[in-house]
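Student: This is the structure I have questions about; it appears just below.
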Amino acid sequence: MKFFKEIYAYREMIANLVRKDLRGRYKGSVFGFLWTFINPLLHVLVYSFVFSIIARFGVEKYYLYLFIGQVPWIFFSTCISSGAGIIQTEKNLIVKIHFPREVIPIYFVTSSFINMLFCFAIVIIISLFSGVTFNFTAYLCLPVIMLVLFMLALGGCLITSAITVYFRDLQHIMGIIVMAWFFLTPIIFPINVVPAEYIQIFQNNPMTPIIIAFRDVLYFGQVPQLSTLLHAYLIGIFILILGFIVFGRLKRRFAEVL
């Protein structure tokens, strides 16, 4: 409780860092904040061409199916890959100012999460215009799914950012890890096409129940299965707790190592 009270006491610092990150994220670029939407849209266009024309999975409205999976994945992958170097990026703060070091990954993940919410607004609009049944009860599940995704991303960011301080190569290795993780997540294909001998790997993937839950709401227009939500929630809690434990043990020598 003392730890959470300390984090709460620095809520203004977190808010200011989030605002600074949102303002500076696309500063100097031609399209600016529009990159929040352009980036996932370009991914969808490329994958839609490849997997709806060349390698077909027989999924109706594949653009929507893919878009719903891409948006949470881009958020999560950004948090664990780009977030891996966030401690080095903010080393001047760490060396000069006393504050809970957890503030840094928290603000980074929160800023990325806000970006994702804007994208999801577009996803919801496209979903409704695509003729997906609007299920009010199902939409009530979205905040729960997003909370679980936030916990998973924050836990992952805490782990990778803390380890990278001592093992700088991890920031480069994360690109390979994220690429492999992407293809082990049912984003570009339905999970029912996975061979039976590999299905357990996909089911143990913490992003799998989250992607499935989002698609249940926004693609199929139905309430996610309770087992799917419970699976995602338990994994999210575990990764978040593990993240705080790892970060808490490694943060003590941040200033010295940096």
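We did not get these values from a lab; they are worked out from the coordinates using the rules stated. The shown structure was predicted, so the numbers you read here are calculated from the model rather than taken from an experiment. Here the Cβ is made from the backbone with ideal geometry for all residues, glycine too, and neighbour counts use every protein chain on show.
Student: Any idea how far apart Phe182 and Phe202 come out in nm if each label point goes 7 Å out from Cα toward Cβ?
Tutor: 1.8 nm
Student: Along the positive direction of the dipole of the stretch 2-257 (beta-carbon charges: Lys, Arg +1; Asp, Glu -1; about the Cα centre), which of Ile201, Phe136, Ile74 reaches farthest?
Tutor: The one lying farthest along the dipole's positive direction is Ile74.
Student: May I pose another question? In a GNM of the chain with a 10 Å cut-off on Cα contacts, which of Phe182, Phe129, Phe244 has the highest mean-square fluctuation?
Tutor: In this elastic network of the chain, the residue with the biggest mean-square fluctuation among Phe182, Phe129, Phe244 is Phe129.
Student: Continuing with the same structure: How large is the charge dipole for the stretch 2-257, taken about the Cα centre, if only the Cβ atoms of Lys, Arg (+1) and Asp, Glu (-1) carry charge, to the nearest 20 debye?
Tutor: With only Lys, Arg, Asp and Glu charged at Cβ, the dipole is about 820 debye.
Student: Further question: Bin all alpha-carbon pair distances of the chain at 5 Å intervals from 0 and give each bin's fraction as a whole percent.
Tutor: Once binned at 5 Å, the Cα pair distances of the chain give 1, 6, 12, 16, 19, 16, 13, 9, 5, 2, 1, 0.
Student: Subtracting the Cα-Cα distance from 0.36 nm times the residue separation, let me have the gained length for Ala15 to Ile191 in nm, one decimal. Provide the component values of the computation, followed by the final result.
Tutor: Values: separation 176, 0.36 × 176 = 63.36 nm, distance 3.84 nm.
Going from the current span to full extension adds 59.5 nm.
Student: Another question, then. Which one of Phe214, His172, Pro190 has its Cα pushed farthest toward the positive end of the charge dipole of the stretch 2-257, where Lys and Arg give +1 and Asp and Glu give -1 at the Cβ?
Tutor: Sorting the options by dipole projection puts first His172.
Student: Which one of Trp181, Met146, Pro105 is farthest out on the positive end of the charge dipole of the chain, using unit charges on Cβ (Lys, Arg +1; Asp, Glu -1) and the Cα centre as origin?
Tutor: Highest projection toward the positive end goes to Pro105.
Student: Mean-square fluctuation check for the chain, GNM, Cα pairs under 10 Å: which of Val95, Val109, Val246 is largest?
Tutor: Val95
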